[in-house]
Each structure stands twice: as structure tokens, then as C-alpha cells.
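One structure is given here, and the rest of the page talks about it.
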Amino acid sequence: MLRTLIKLLVCCACVSSVWAQDIKLFNQDVQVHGFASQGFVSTDGNNWLTMKTGDIGSGQFTDFGGNASIQLTDKFRIGAQIYDRDLGQLGKWHPQLDWAVASYKFTSWFGIRGGKVKTTMGLYNDTQDLDFLHTFALLPQSVYPTDLRDVTIAHVGGDVFGDVPLGKKGGTLSYTAYAGRRGDSPYGGYAYLIGSSFNRMGGLQYGGDLRWATPLKGMLVGISRLDEDIAAHFGEGTPGATTLKSKVDWTNQYYAQYTWKKLVVDSEYRHYSLDATINGGPEFQTNVRGWYMAGSYQIAKHVQLGSYYSHYAIAVPANLLIPAGNGFDHDKVLTARFDLNRFVNIKVEGHFMHGVGLPDDYPNGFYSVDNPQGLKPNTRALVVKTSFKF
Amino acid sequence: MKLSRITHVVAIVLFASATVRAQSGGYKIVVNPANPATSISKDDLSRIFLKQSTKFRDGHGASPVDLPVSSPVRESFSKSILGKPSSAVDAFWQQQIFSGRDIPPPQRNESAAISFVRSSENGIAYVSSGADTHGLKVITVAD
């Protein structure tokens, strides 16, 4: 096992040095890049993230992606990325178009892009799959739940964006506004929770993000808003056919990040509020609040240490489908990241979790179907992950 | 008369110190001879290499080319002009690349960067202070 891992890392390092090159096409530079990661998760009790982590652990935690982009003129660029993952019962090796974008930047303060676009939301929504960019093997699941990746990751539509300098003493304001459609994969958390009766889910999304790189060097603050008009269909063609449709459906996210030399501290708060109708009749309400506080420090050229506290709370009032409930999950995390070179890293991470959310009602890492023996209130997890990029 | 001479001397000293600073960092900024610029501010240079601007102040186009991340010349340029080590600038570009937001300027080794600037009217690059810049225009960096 160890020998295979070492061979894989050596191979990755060699491949990266060969592949990190531009390719010429019709006298234009085509930039080709890729990444891959492999993780292993072991827990002391509950199975987690749809994997069988509870016995000796699970290595069913793989993803990869590749992209190509070409700058056709100083202002016009096109590109696309493919992404695939196999995380327990999520992804299941069904590749998807991660993004495919045509972008035209008129000036630094106004640009447009269209196609399938990664959604700008909070500090890490659009980079949540890119393990090599983060200190942590798993981002705080209260704000970036990996089983609900599809919900916010991208929209098919368009953005306007730009950076507005506010003078030497004012910093820079960056804005993004967007509208488009979301289409959930049948291999995501909602589909897994609902089971075989899941048919499809998706609809309109629109929103924006405003972030201010303040005059205090390294300090960034921002706010994101997402509104949705989504329909989820399950049991189509059966007497129990059900459609859940958004009536009021929004997410607010507030965030701040401070970078000082080798220290990075960040915090985010996300509130998701859903008021949906069931088959056009009774209403169904959900409120999910998540926040985290994280810090990381580079203690040596190739070593970073990090820690975060992640807090998740969900409230579901009584209704026809789901009994009333309140759930929570608190996660204390310690991480060490080792960079073998510019392309390959290894992370070792410990999670100390208390609470399991509402495992029968809303996806958040713990599922009753994965834990038929019943869920215990506390879970400790060891995550080992390696990733490479070129 | 005396005052204007002093002003003149001060201006020359300031100009020379900016030039020395840029070159003592181990690099010089080169553009195509067709580019009318003779100097560029640190801020404008940073905006061009971070692709926040595609033009010089006078409206002349700017197509930057980077040296490889491992180059000590790039490290020196990144720290003094972009205010970050080249690894941090590389991380910024990785974020942009993989989220589909943007791509960095093309990377070339020094001789290819010089050839690019020589053949491209809008070309701009930083090269080691000892590089042969025959056929190129070296411009100064002002604070």
C-alpha cells in the first residue's frame, strides 16, 4: 500500500513537470491544467460522507479534473473543465462538465461571461474541489457540505463582474452578479437521501457577491446572496409522485479573511432559508445555519498547520412529510499539510464531531441508511489525503 | 535659477534611485521599441502582470509574459512589484485557472520571453539585469 502510494506520488511529480506546458493551436497558446486527489477516511463509529468509514476506513474518496483555456484576444477568453469524483455513494464516476465559459472583459471594472459558470459565493464555493489550494482536506462542512456540492457549484447562464479601485486609501471592491439554471446530479446528497424515487431537481438561480479588499493589507470582507426557484420531483409515474417547489428560497453568506505573512485566518456564516410547497399545497420550511472560524500557519517551507471549528444547525418545523426536528453538528479539526513539491501534497487531518444533524431529513454527511445500527452522538475521524496538480 | 538646479538634481537622483532599485532586484523591464513608454509606475506594472489592465497609461496595448515560477528573477519581481512571493502569486493564478475565472500570462524562459517582446508590439517582460536586451527597450520603474 505504502509502496503504491510512493510510486503514485513519484509518477505525479514526473507527470506534472512534463505537462505543465502550453500547447500551440492556430498560433495561440492553449493552457492545459489538471488535478487529482485521493483520500482515506476512518471513523470510530458512524459511517460518514456516504462511505463505509466505520470499520477499517474507506479510500473511496477520489476526484480529478482537467481544463483547457485559450486567450483569443487581450479581452476574450474561452475554456472548459471536466470534473469527476467517486466519494462513497456520491459522484460514482460520472464525469460532468464543471465549467465551460466564454469571457469578455471590456475593462477591469466591467466584464461578462456566459456558459456553465462557477458560482461566486463566499470565500471558497468556486474552489471547493481544488484540494491543493486549501490547508484542509475537508472544508468546514457547515458552510461547504461536500454532499451538497451540486447545489451551489455552478449555473448555466451568465455573470457580470468587475473590480472597482477605491483609491489608495479605499482598497478594491469586486462585484459579481449572475443568473442561470442549476441542475442537480442524480449522484448528489439530495438524490442519495431520497433514494430510488428521486427523479430530478433544479431551476432558476440568481444572485451576487460583493467583496472588499480593504486598505488594511491582507484583509478581505464580503457578502453573497443567492435566490432560487427550484423544483424537486420524485416518484414520478407512481401514486406517490411528489413535487417540492420553492416559494421563498434564499441563501446569505457573510465572510472575512485576514492574511498576515504566513498566517491566514478566516470565518464565514451561511444562512439557507427554504419555504417550499408540496404538490402545490402545504408548505415545508427549512432553516440551515452554518459558520466556522479557521486559522492556518506555515511553520516551515513545506509544512502548514491548521485548525477550525465548524458549527451547523438545522431547524425543520412539523409538516406532512417530515416530523419537526432540530439538529446540529459541531466539528473541531486539526490539520497538518506537507508539500512535497509545488505539485504534490499530503494532508493528515483529525475531526472531532458532536452531533449528526438531521440524518433522515436533510443531507449533511450522516445518513441513517449508512448507519442501520443507529447513529452515535460523537464521531472521531482521521482523514489522510494527497493531491496533485499541474 | 539655483532652485531649479536643485529641483533638477533631486529629480535625477530620484529617477536614478528608482532605476537602481529595479535593477538591484536582479531584473529589468523590457518592451518592444515600438512602445513609446520610457517608464512605468509600480502600480501599473502590477496591474498589467495580474491582468487587471491590458494597456499602458498612454493607451498602448500590454501583453505580459512571465518567467517560470521557479525562476529567481520572477521571485524578485513578484516580491518587489506584486508585493508577494511568486508562490503566492502562483496560488492566486491556480485559483483563477481552475475556477474558470482567468488564466495567467504565458510563461516562457528568458530567451523566449525576449524573443516574444522583440516580435510583439505590445510585449512586456522582466528579464535578469544581465540579459542581452539588444533590439528591446528597457524602461524604468517609478514608485
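Can you confirm whether B:Lys51 is at pLDDT below 95 and of a type in the set (Lys, Arg)? Yes: the conditions hold for B:Lys51. Only one entry in B:Arg74, B:Arg101 is touching a residue at least 12 places away in the same chain (Cβ under 8 Å) and buried (at least 19 other Cβ atoms within 10 Å of the Cβ), namely B:Arg74.
Return yes or no: is A:Gly290 within 24 Å of A:Arg181 (Cα to Cα), assigned to a strand (DSSP E or B) and not hydroxyl-bearing (Ser, Thr, Tyr)? The answer is no for A:Gly290. Of everything in segment A:186-199, what is of a type in the set (Gly, Ala, Ser) and surrounded by fewer than 18 Cβ atoms within 10 Å (Cβ to Cβ)? Give them in sequence order. Result: A:Gly195, A:Ser196, A:Ser197. Filtering segment A:77-111 to residues that are closer than 24 Å to B:Pro106 by Cβ and either away from chain B (no Cβ under 11 Å) or in contact with a His (Cβ under 8 Å, 6 or more places away or on another chain) (or both) leaves A:Ile82, A:Tyr104.
This table checks each residue for (1) more than 25 Å from B:Trp93 (Cβ to Cβ); (2) assigned to a loop (DSSP other than H, G, I, E, B); (3) polar (S, T, N, Q).
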{"position": "A:Asp129", "(1), (2), (3)": "no, yes, no"}
{"position": "A:Phe132", "(1), (2), (3)": "no, no, no"}
{"position": "A:Phe136", "(1), (2), (3)": "no, yes, no"}
{"position": "A:Gln141", "(1), (2), (3)": "yes, yes, yes"}
{"position": "A:Val151", "(1), (2), (3)": "yes, no, no"}
{"position": "A:Gly157", "(1), (2), (3)": "yes, no, no"}
{"position": "A:Phe161", "(1), (2), (3)": "no, no, no"}
{"position": "A:Val164", "(1), (2), (3)": "no, no, no"}
{"position": "A:Tyr187", "(1), (2), (3)": "yes, yes, no"}
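Of all residues in segment A:1-58, those being within 14 Å of chain B (Cβ to nearest Cβ), assigned to a loop (DSSP other than H, G, I, E, B) and at pLDDT below 50 number 1.
The values are calculated or read from the model by the stated rules, or taken from the named source; none is laboratory data. Computed from a prediction, not measured in an experiment: that's the story for all the values here. Glycine gets a Cβ as well: all are built from the backbone with ideal geometry, and neighbour counts include every protein chain shown.
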